[in-house]
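Comments concern the structure below.
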Amino acid sequence: MVTKEMQLNFSSQTLAEIFRDLYVGERSGVLALSRGNVEKKIYFDRGMILFAESGADDEDLGRRLVNEGKISAGALAEARRNISEPKDLAQALVNRGLIGKETLSHTVRYIVEHAVQSVFQWEGGTARFSEGWLLQEIFESDILLTFEVILGGIGAMVGFGPIQEAMKGLDNRLKLRQPTPVPIERLALSPAHGYILSRVDGPSRLQDVLALLPPSEEALACRFLYGLLVMGMITYDPPVVEGAFRVESILKDHADSVALEGLQERMIRETYASLKNKNPHEVLGIRPNAARETIEEAYDEAKDRFGRDRILPRVRDRLRAELAVIESRFVEAYLTLVQARSVEHGPRPEDGPAPKERHGMDDFLVRVELDKTKTKVAIEENARVAEEHYTKAKKFMRDGDPYNAIQYGKLAISYSPEDARFYFLLAECQVKNPDARWQRQAELNYVEAAKRDQWNADYRVALGRFYKKQGLKLRAKKQFEEALTLAPTHEAARLEMDSLS
């Protein structure tokens, strides 16, 4: 956050947030950005960019005007003799009638755009903000110029690749903030930018927007949308962080996701390679003389390790062929071992004469069909184990141990992912931690619980209370209204509605 007298290090990825914080805070003063021996100054008035300057020829007002042929070198020298600070040059030139205010404004805009874009091309540097430095009235603050200059800087920034990948990894929707911070129709947007903005309609995700664009325009779209996110023109739904958008939040989440993807990918590739030369017992990791119950347990455990709920979608898409082979090897090992155990035990006398043995693929398909009763048993067993984990989670929650409650709640979900109670328990634990990431996870689990049990008014009330605590009154009111639709006499929902009116 920018303070009255602030000095901090920045990177190209965080620079836009410094500009944004000055704008939102309506700060007036000078932002000095330096890297090595190079320093550039950006002047702000009530959060809007007024002027910029540096020692570079293209960013020195006097030299730029001479190079453009708008004033002579002699006139520049004369004006400079009568000022004490470089910032007063523009006023001196206008006062002496050496240049018109409108002619001067074109050069000033060029310098501002050039200076801002150049600092976004630095990988990093030091930012120092000094409060209260106001320029003379020759310069006029302009909110549209400020927005366009910052968007232009983001369009030129280095190190955008990780941000683009992090944005593409999010499944959150994009929506236009209402009311918008600036009048959209007055922004100088290119046709491509205008089209991209028209797609930010609430239901759309970044992937939906990119799917409609040629690959060559993907980076442009991501930079533009990132700029709108930073400046608060658009938001994620649900939000990725409470308060102003911070890029570090999505970069960290993306890094965690990439790390998990790497672990899962290595596990799948190593398993795929190791299964090629293993016998059925080794495939399931059991002893050669294991009982049928042991075989079934090992098969369930092996399948669960590579189940759809365990493997991230992008990993599953990339390694679809390897996962199919692994699953086939598990099924083959299971059927082979179960058949062998049946043969070893032989038919019981009361079963009558053994049927004639069948051969070929038809026989395999029949055995698979006959074994379908195992699926029902497995589902019932999973439900039982999930309930046990859920019971333990509730106990830890009552004992004031939310960490272990969350772990057992997640285990319950891994066995029975359709049960809304498990998601609700996770949310009730996570909401106790004020950290933004935990609050975001709590929201997602409240929403998931309400989605999986659409007739439970209590879940709607809990989600509404969560939004109310976050200051999101419209969202909270919607949840309380839906709770009353489900249960018109719900006392808690009615009291919450009254508190919002």
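Do you know which residues across segment 398-442 are among the polar types (S, T, N, Q) and either surrounded by 22 or more Cβ atoms within 10 Å (Cβ to Cβ) or assigned to a helix (DSSP H, G or I) (or both)? Please lay out each step first, then the result.
At the first step, the residues of segment 398-442 found to be among the polar types (S, T, N, Q) are 404, 407, 414, 416, 430, 433, 439, 441.
Hits for segment 398-442 are N404, Q407, S414, Q430, Q439, Q441.
Please find, among L65, L89, L33, L8, the residue that is in contact (Cβ under 8 Å) with a residue 12 or more places away in the chain and within 13 Å of V119 (Cα to Cα). Outline the logic, then answer.
Working: L65 fails: within 13 Å of V119 (Cα to Cα); L89 fails: within 13 Å of V119 (Cα to Cα); L8 fails: within 13 Å of V119 (Cα to Cα).
Exactly one residue qualifies, and that residue is L33.
Scan segment 148-194 for residues that are over 20 Å from W122 (Cα atoms), in a helix (DSSP H, G or I) and in contact (Cβ under 8 Å) with a residue 12 or more places away in the chain and report the count.
Of the residues in that region, 8 qualify.
What tally of residues in segment 196-222 results from selecting those that are surrounded by 12 or more Cβ atoms within 10 Å (Cβ to Cβ), more than 13 Å from L174 (Cα to Cα) and not aliphatic (A, V, I, L, M)?
Selection size over segment 196-222: 2.
I'm told H281 meets every condition in (1) in a helix (DSSP H, G or I); (2) open to solvent by 70 Å² or more (accessible area, probe 1.4 Å); (3) at pLDDT 85 or above except one. Can you identify the failing condition by its number?
In the conditions (1) in a helix (DSSP H, G or I); (2) open to solvent by 70 Å² or more (accessible area, probe 1.4 Å); (3) at pLDDT 85 or above, H281 misses (2) alone.
Looking only at residues in segment 287-301 that are touching a Lys or Arg at 6+ places or on another chain (Cβ under 9 Å) and of a type in the set (A, V, I, L, M, F, W, C), which one is nearest to A324 (Cα to Cα)?
I295
Which residues, counting only those in segment 303-333, are hydrophobic (A, V, I, L, M, F, W, C) and either within 22 Å of I286 (Cα to Cα) or open to solvent by 30 Å² or more (accessible area, probe 1.4 Å) (or both)? Quick ask: steps written out before the conclusion?
Within segment 303-333, the first condition is being hydrophobic (A, V, I, L, M, F, W, C), and the residues that meet it are 306, 311-312, 315, 319, 321, 323-326, 330-331, 333.
Once the filter is applied, which keeps residues that are hydrophobic (A, V, I, L, M, F, W, C) and either within 22 Å of I286 (Cα to Cα) or open to solvent by 30 Å² or more (accessible area, probe 1.4 Å) (or both), segment 303-333 yields F306, L312, A321, L323, A324, V325, I326, F330, V331, A333.
Which of the numbered conditions does K395 fail, given that it passes all the others? Conditions: (1) within 26 Å of V240 (Cα to Cα); (2) surrounded by fewer than 19 Cβ atoms within 10 Å (Cβ to Cβ).
K395 satisfies every listed condition except (1).
Which is out of contact with any Lys or Arg (no Cβ under 8 Å at 6 or more places or on another chain) and at pLDDT below 90, of S501, S414?
Numbers: S414 fails: out of contact with any Lys or Arg (no Cβ under 8 Å at 6 or more places or on another chain).
The unique qualifying residue is S501.
With respect to the numbered conditions (1) more than 19 Å from R20 (Cα to Cα); (2) in contact with a Leu (Cβ under 9 Å, 6 or more places away or on another chain); (3) at pLDDT 85 or above, which one is the sole condition not fulfilled by D201?
(3)
Just wondering, is there one or more residues in segment 171-187 that are buried (at least 19 other Cβ atoms within 10 Å of the Cβ), of a type outside the set (D, E), modelled with pLDDT of 90 or more and touching a strand residue (DSSP E or B) at 6+ places or on another chain (Cβ under 9 Å)? Even if it seems obvious, please write down each step before you answer.
Quick first cut of segment 171-187, residues buried (at least 19 other Cβ atoms within 10 Å of the Cβ) only: 174.
Among the residues that remain, those that are also of a type outside the set (D, E) are: 174.
Retained after the next criterion (residues that are modelled with pLDDT of 90 or more): 174.
Pick out the ones that are also touching a strand residue (DSSP E or B) at 6+ places or on another chain (Cβ under 9 Å) and you get 174.
The answer is yes; a qualifying residue exists.
The values are calculated or read from the model by the stated rules, or taken from the named source; none is laboratory data. None of the values given here were measured: they were computed from a predicted structure. So basically every Cβ, Gly included, is an ideal-geometry build from the backbone, and we count neighbours across all protein chains shown. Surface areas here come from the heavy atoms of the whole protein model, side chains and all, with no ligands, DNA or RNA. Shrake-Rupley method; radii C 1.70, N 1.55, O 1.52, S 1.80 Å.
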